[in-house]
Amino acid sequence: MAANSGKPWSDVDVEDLKYSITHGDTIAQAARFLRSGEDEVRKKMKDLGLVERPRRRVRARSPRLVFRSLS
């Protein structure tokens, strides 16, 4: 059981959940961050009208682009 399971949601928790989900975190990641259960996070998201966004694939950059000289 997560540390915050069953506890009321604070305003800060709600804002953290909104930020986390709108910036691409999964429900599992948000739940870990909030130290809450995934089912509780899903329920709160439903209450707030939030939907989980599909994760964007991030391509790895070529090392020559990452370490390119500025001169």
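For (1) crowded, with 17+ Cβ neighbours inside 10 Å; (2) in a helix (DSSP H, G or I); (3) among the charged types (D, E, K, R); (4) touching a residue at least 60 places away in the same chain (Cβ under 8 Å), each residue gets a yes or a no:
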residue	(1), (2), (3), (4)
Ala3	no, no, no, no
Gly6	no, no, no, no
Val12	no, yes, no, no
Asp16	no, yes, yes, no
Ile21	yes, yes, no, no
Gly24	no, no, no, no
Gln29	no, yes, no, no
Arg32	no, yes, yes, no
Glu40	yes, yes, yes, no
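Residue-wise test of (1) aliphatic (A, V, I, L, M); (2) closer than 17 Å to Ala3 by Cβ; (3) at pLDDT 95 or above.
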| position | (1), (2), (3) |
| --- | --- |
| Tyr19 | no, no, no |
| Gly24 | no, no, no |
| Ala30 | yes, yes, no |
| Arg59 | no, no, no |
| Leu65 | yes, no, no |
| Ser71 | no, no, no |
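The values are calculated or read from the model by the stated rules, or taken from the named source; none is laboratory data. Quick caveat, the model's predicted, so the values are computed rather than measured. Heads up, the Cβs are rebuilt from the backbone with ideal geometry, glycines too, and the neighbour counts pull from every protein chain shown.
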